[in-house]
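Bear in mind these aren't lab numbers, they're just calculated from the coordinates by the rules spelled out. Source: prediction; values computed, not measured. Note: ideal-geometry Cβ built from the backbone for every residue, glycine included; neighbour counts use all protein chains shown.
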Amino acid sequence: MHIHDRKTYTVESVTSGHPDKVCDQISDAILDECLRQDPMSRVAAETFGSHGHLVIGGEVTTNAKVDYKKIAAGVYRNIGYTKPLDIQVFVVQQSPDIAQGVNTGGAGDQGIMYGFATAETPEYLPRGVVLVHKLAKRLEEARRTKEIKWLLPDGKTQITYKDGEIVAVLVSTQHKKSVGQDEIKKAVTEKIIKPVVGSLKHIEVLVNPTGMFVQGGFEADAGLTGRKIMVDTYGGLICHGGGAFSGKDLTKVDRSAAYMCRFVAKNLVANGYAKECIVSVAYAIGHVDPLMVHAIDEKGRSLASLVKKHFDFRPLAIIECLNLRTPPQNGGFQQTAAYGHFGKKGLPWEEIVSL
């Protein structure tokens, strides 16, 4: 399915303070710390937060010495939450010697991954996806700079398009008890929505439609790593193989191959081979070569031969091509764990190369 066929669609984003995203950021902060100390680390870190409690689980194979509780508490505080968390850790440390035996360069799991790019925006992403992340980021910015003093960390944004035009914008934001609904709607409309969306003529604006939103984060909801896979990728506008990203090292094709699919799709569009491009790949556990590599343009024409000529989808080749044993500069993999994994500057899978 192609974006240009879908004139009516809705996309959403969430702030870094959303409970699921707090978990994603903690899982990726753990990954970053493991990779900083030991680039060959294997990491599968899952985080679950609920009502004052945080549980970190999973498996790691690493020589790194990691203080999981300290990392989690630091991420939680940096996001802007102040209430204490009871943090428990159930991470199983596997022997690096055992991992060596299975390290043959095969895929660590079976599965299907997708990547997408469109010439619609400078970010090579659908306009709605770009705007809805900007709205959510703008909420965080206005809170951190104290431009809107009563904003709190949790929040969600949503944009609906009909026939290619925005018809509705929805912002739900956590706020201090002291502020009333009228002031919230006015400030969010003027300082958050208008600077991002522009004119609101003929657009339905919804701000905190349920009324009060005082309790947020783990006080209000449970959060879990890997539960915002559409926010992380393309807003549900193209297929998704179902594998989440955060907390996984890049030997795991769920993450690395999805990044490679994006890299390939973006470069096919940037080099003029397509206006829009979907790339898909499939793996069998333990197999080095993918079972399938496919790519189509906006007219449904296959670009697979071009992809196979220029790009190598074997797991270790992807890691090498995109330099995935080293956390990206200016924020590591943790920077991907809020406001999407694509369309951001400085990430190796967003680089444009000549084909």
Considering only the other residues whose Cβ falls under 15 Å of the Cβ of Thr189, what net charge follows from Lys and Arg at +1 and Asp and Glu at -1? +1
Return the sequence-ordered ³J(HN,Hα) values of segment 167-172 in whole Hz as given by the Karplus equation 6.51 cos²θ - 1.76 cosθ + 1.60 applied to θ = phi - 60°, using x for Gly and Pro. 10, 8, 10, 10, 10, 10
Anchor Lys191: aspartates and glutamates whose Cα lies under 15 Å away (excluding residues fewer than 8 positions away in-chain): Glu140, Glu141, Glu147, Asp182, Glu183
Over 20 Å apart: what share of the alpha carbon pairs of segment 83-204 falls there, rounded to a whole percent? 62 percent
Return the single residue from Asp20, Asp38, Asp154 with maximal mean-square fluctuation; model: Gaussian network over the chain, springs between Cα atoms under 10 Å. Asp38
Most mobile of Lys194, Lys21, Lys344 per a Gaussian network model of the chain (Cα springs, under 10 Å)? Lys194
DSSP bridge pairs, the chain: antiparallel proportion in percent, nearest 5: 75 percent
Please report the net charge: other residues with Cβ closer than 14 Å to the Cβ of Lys65, K and R +1, D and E -1. 0
Cα-centre dipole for segment 121-194 with unit charges at Cβ (Lys and Arg positive, Asp and Glu negative), debye to 20: 300 debye
Only Cα pairs within less than 10 Å get springs; with that Gaussian network setup on the chain, which residue of Gly247, Gly332, Gly164 has the largest fluctuation? Gly164
Expected sort for Cys23, Cys321, Cys239 with the fewest Cβ neighbours (10 Å cutoff) up front is Cys239, Cys321, Cys23
Taking the Cα centre of the chain as origin, work out the dipole magnitude from +1 charges on Lys and Arg Cβ and -1 charges on Asp and Glu Cβ, in debye rounded to 20. 860 debye
A 21 angstrom limit on the alpha carbon distance is what I want to check against. Which of Lys266/Lys308; Lys162/Lys344; Lys194/Lys266 exceed it? Lys162/Lys344; Lys194/Lys266
Let me check I have the definition right: for segment 224-355, take the eigenvalues of the Cα gyration tensor, multiply each by 5, take square roots. What are those semi-axes in whole Å, largest first? 22, 17, 16
What residues have an amide H closer than 5 Å to that of Val14, excluding those fewer than 5 places away on the same chain, when H is modeled at 1.01 Å from N in the peptide plane? Thr157, Tyr339
If you take the charge dipole of the chain about its Cα centre, with +1 on Lys and Arg Cβ and -1 on Asp and Glu Cβ, which of Gly226, Met292, Val269 is farthest toward its positive end? Val269
Are any of the pairs Lys70/Lys134; Lys185/Lys228; Lys134/Lys201; Lys149/Lys186; Lys21/Lys70 more than 24 Å apart by Cα-Cα distance, and if so, which? Lys70/Lys134; Lys185/Lys228
Segment 251-304 versus segment 31-55: alpha-carbon centroid distance in Å: 28 Å
